[in-house]
Amino acid sequence: MKRTLITVASAMMLAAGLAGCAGSSAPASTAGAPSENATEAKTLTVFAAASLKSSFTGLAETFEAQHPGTRVSLSFAGSSDLATQINQGAPADVFASADTKNMDKVTGTGLVDGEPRVFATNTLAIAVPAGNPAGITGFQDLARDGLRLVTCAKQVPCGAATATVADKAGVTLRPVSEENAVTDVLGKVISGEADAGLVYVTDVKSAGDKVDSIPFPEAASAVNSYPITALTAAKDKESAKAFIDLVLGSDGQQVLAKAGFGAGVK
């Protein structure tokens, strides 16, 4: 009889323990499940000129910190390539061009939501490998025989600016290579594939001690204005507007100025 009571008591204790475990396991099994009020993560796609890579990468991080739940996807390339992609239906929410000409290509097809705003300006500089082994002193030197000069292609904003400067200065340039993005020009100078390259002031600044910069007064004859706009295909127009406001606002302008861009907002 005594053994029977002990056995019954043990069984009751075991049952109570199992019930307790079952009660504590239910919340644990649903802890990782999304709540009914959870907000689905959003992605804001920004197409931006290659020369904006450093500045916009930093601004994207700021935007994400200010707007939890929104991720900024950045696509950098030559403005002409980006304009073509947008006109062919590539999904994007915001477009920032390195000149008004390529922005006009998108505006003309009715894909722009609102009036583009100029947020920065930029001018050309001569980038040479560290130490300036070719001894470049000014724009005229870029026409020397045997000089390995690399420029942007003419359809790219930095290439159009190069053509304007060369025409007004009366200098005939014979580049060994024409690139579709200013970052590619800079890359060839850094690697030593070029004796000199025509890039933006901001590019040589971002490269640090990897290159030397040769400023030249003729650059003032071709100042590029950078416009930005939301696109009609934007999935989240509110976020697109908020990103543009960040770029145009004091925080964005400080980041751009630090990178070497001239003021664009008036």
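Where residues in region 96-115 are among the hydroxyl-bearing types (Ser, Thr, Tyr) and assigned to a helix (DSSP H, G or I), which of them is nearest to ASP251 (Cα to Cα)?
Going through the qualifying residues, I end up with THR100.
Provide a single number: the residues in region 38-78 that are surrounded by 19 or more Cβ atoms within 10 Å (Cβ to Cβ), of a type in the set (Val, Ile, Thr) and within 24 Å of VAL201 (Cβ to Cβ).
1
Against the definition (hydroxyl-bearing (Ser, Thr, Tyr) and surrounded by 15 or more Cβ atoms within 10 Å (Cβ to Cβ)), how does THR100 come out, yes or no?
For THR100, the condition - hydroxyl-bearing (Ser, Thr, Tyr) and surrounded by 15 or more Cβ atoms within 10 Å (Cβ to Cβ) - is met.
List every residue pair whose Cβ atoms sit under 9 Å apart, with the two residues 6 or more apart in sequence or on different chains, where the first one lies in region 158-180 and is under 20 Å from VAL201 (Cα atoms) and the second, anywhere, is in a loop (DSSP other than H, G, I, E, B) and of a type in the set (Phe, Trp, Tyr).
Hits for this filter: VAL165/PHE216; ALA169/PHE216.
Checking GLY264 against (1) within 18 Å of the chain's Cα centre (by Cα); (2) surrounded by fewer than 21 Cβ atoms within 10 Å (Cβ to Cβ); (3) modelled with pLDDT of 95 or more, which test does it fail?
The one condition GLY264 does not meet is (3).
Per-residue answers, yes or no, for (1) modelled with pLDDT under 55; (2) in a helix (DSSP H, G or I); (3) hydroxyl-bearing (Ser, Thr, Tyr):
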residue: ARG3; (1), (2), (3): yes, yes, no
residue: THR7; (1), (2), (3): yes, yes, yes
residue: CYS21; (1), (2), (3): yes, yes, no
residue: SER24; (1), (2), (3): yes, yes, yes
residue: ALA28; (1), (2), (3): yes, yes, no
residue: GLY32; (1), (2), (3): yes, no, no
residue: GLU40; (1), (2), (3): no, no, no
residue: ALA90; (1), (2), (3): no, no, no
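Does region 92-102 hold any residues that are in contact (Cβ under 8 Å) with a residue 60 or more places away in the chain and within 17 Å of TYR200 (Cβ to Cβ), and which are they?
Within region 92-102, ALA96, SER97, ALA98, ASP99, THR100 meet the criteria.
So which strands (runs of 3 or more DSSP E) stay within region 116-217 end to end and still have 1 or more residues that are of a type in the set (Val, Ile, Thr) and surrounded by fewer than 23 Cβ atoms within 10 Å (Cβ to Cβ)? Before the answer, list the steps.
On the way: elements: 124-129, 149-152, 177-179, 196-200, 211-214.
By residue number, 124-129, 211-214.
Taking region 193-225 only, how many residues are in contact with a helix residue (DSSP H, G or I) (Cβ under 8 Å, 6 or more places away or on another chain), under 19 Å from GLY170 (Cβ atoms) and hydrophobic (A, V, I, L, M, F, W, C)?
5
The values are calculated or read from the model by the stated rules, or taken from the named source; none is laboratory data. Please read these numbers as outputs of a predicted model, since none were measured by experiment. Methodologically, a virtual Cβ is constructed for each residue, glycine included, from the backbone with ideal geometry; neighbour enumeration extends over all protein chains shown.
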